[in-house]
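What follows is one structure encoded as structure tokens, with my remarks underneath.
The values are calculated or read from the model by the stated rules, or taken from the named source; none is laboratory data. Please read these numbers as outputs of a predicted model, since none were measured by experiment. So basically every Cβ, Gly included, is an ideal-geometry build from the backbone, and we count neighbours across all protein chains shown. To get the accessible areas, we keep the full protein, side chains included, count just its heavy atoms, and leave off ligands, DNA and RNA. Shrake-Rupley method; radii C 1.70, N 1.55, O 1.52, S 1.80 Å.
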Amino acid sequence: MAVTVVNTTTYGYEYYAGGKTGFTNSAGYTLCAAAKKNNRTLIGCVFNAEDPDVRYYDLLRLFEYGYSTFATVEITESEFTPLVEEANMQINDLLSDTNLYVAEQRVVLDQYITTTSARAQLGSTNRIDLSETVIDTQADEQTLEIPLCKVYSDKTYLIGTLVIQIQKKAGVVEVNPEKITNLTSVRSVLVTFAVLSGLILLLVIVLLIFRARIIKRRRDEVTKRANML
């Protein structure tokens with residue numbers, strides 16, 4: 001097999017980064033090379049070319065097709081910050097009535113995605129998919145892996161994960177439901193007793209006041225009669 005460094009003026013390519021040619025009876029004329037344009041690197045391979053010139057021509061067409069048809073989109077964590085904050089608020093709301101809390105959270109993202117140029121030109125939105133998120137309120141520790149997505153008009157890409165670590169609060173003691181029921185019953189009895197005692201006391205006070213008035217009225221009548229005599 002003969003192998004040489006690619007170096008041709010006939011099929012020169014301004015974005016060419018390097019490559020190798022080759023030939024075997026079974027593979028024919030071959031070429032593997034890379035090109036770099038606008039911070040995007042493409043690698044192409046041509047096999048079984050009929051003659052040396054065809055492999056250069058075909059590979060250049062592949063490079064131009066790749067650069068014109070596809071686009072590489074950079075992904076930054078900051079563009080997901082509002083969605084992550086909203087997801088955290090929802091999860092904290094769900095945990096507010098439990099003995100659990102969010103111990104740690106982190107975002108794991110791909111740096112880039114490659115899609116078609118036409119799709120990229122139409123723009124995209126970001127989404128956090130909470131539809132499959134389930135929190136086990138009985139677990140001492142659990143990890144949620146929530147998908148982060150970039151949504152185009154005709155395609156959705158999974159581009160990362162929001163990882164949330166949930167743990168049980170320190171010092172929380174599990175209470176037996178039967179004990180809670182017994183305590184509630186005792187409390188109800190005490191409240192009832194207190195209410196009844198208050199009513200009885202109020203009734204006694206009313207009776208005493210009524211009796212005092214009757215006694216006073218009788219004394220007044222006796223005094224009045226004595227004065228008349």
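Residues of the stretch 154-162 include none that is free of Cβ contacts under 8 Å to residues at least 40 places away in the same chain, assigned to a helix (DSSP H, G or I) and open to solvent by 80 Å² or more (accessible area, probe 1.4 Å). Applying a threshold of 7 Å to beta carbon distances and a minimum spacing of six or more residues, or different chains, the list of pairs starting in the stretch 42-53 at a residue that is of a type in the set (F, W, Y) and ending at one that is surrounded by 15 or more Cβ atoms within 10 Å (Cβ to Cβ) reads F47/G28; F47/T30. Checking each residue in the stretch 68-94 for being of a type in the set (F, W, Y) and open to solvent by 50 Å² or more (accessible area, probe 1.4 Å) picks out only F70. Contact list please: Cβ distance under 9 Å, first residue in the stretch 201-225 and outside any helix (DSSP H, G or I), second residue surrounded by 10 or more Cβ atoms within 10 Å (Cβ to Cβ) and modelled with pLDDT of 80 or more, pairs at least six apart or on different chains. Note: no pairs meet the criteria. I'd like to check something: does the stretch 45-52 contain any residue that is of a type outside the set (S, T, Y) and under 17 Å from Q111 (Cβ atoms)? For the stretch 45-52, residues of a type outside the set (S, T, Y) and under 17 Å from Q111 (Cβ atoms): absent. Considered as a group, the residues in the stretch 20-53 that are at positive phi and at pLDDT 90 or above include one that is farthest from the chain's Cα centre (by Cα), and that residue is G28.
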